[in-house]
Amino acid sequence: MSEVYGTELSTKALERAQTTSTAQLCVALGERLPFCDRHFDLVASVGVMEHFVDDRAASGEICR
């Protein structure tokens, strides 16, 4: 069984997403994700890298 998670800074965007998504959603910065190391088998980040304040920190979070 797979688990799907999503993060977003906007609570309004999360509220909207919750109406159509079965993912577990939370407010979080991409530079400081609230998940333990090696929690995920796959991370998809589509069209968001240019929006991070610190893209190197976000990339580090994705890799950990």
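Take every Cα pair under 8 Å in the chain that's 6+ residues apart, average their separations, divide by the length, and report that relative contact order as a whole percent. List each step's numbers first, then the result.
Values: 56 pairs, mean separation 19.7, N = 64.
Computed over the chain, the figure is 31 percent.
So if I place +1 on the C-beta of Lys and Arg and -1 on the C-beta of Asp and Glu, and nothing else carries charge, what would the dipole magnitude of the chain be about its Cα centre? I want it in debye, nearest 20.
On the way: 6 positive and 10 negative charges, 21 e Å.
That gives a dipole near 100 debye.
I need the phi-derived Karplus couplings for the range 23-31: 6.51 cos²θ - 1.76 cosθ + 1.60, θ = phi - 60°, integer Hz, Gly and Pro marked x.
Per-residue couplings from phi come out as 5, 7, 10, 8, 7, 6, 7, x, 7 Hz.
Residues with amide H under 5 Å of residue 5's amide H, sequence separation 5 or more or different chain, H placed in the peptide plane at 1.01 Å from N; which?
The answer is 24.
Using the 2.2 N^0.38 Å rule of thumb for compact globular proteins, work out how the chain stacks up: its C-alpha Rg over that value, please. Don't jump to the answer; show the numbers that get you there.
Working: Rg = 11.9 Å, N = 64, 2.2 N^0.38 = 10.7 Å.
After normalising by residue count via 2.2 N^0.38 Å, the value is 1.12.
Throughout, read-outs are computed from the coordinates displayed, never taken from laboratory work. Note that the structure is a prediction, hence the values are computed from the model and not measured. Positions of Cβ are backbone-derived with ideal geometry, glycine not excepted, and every protein chain shown enters the neighbour counts.
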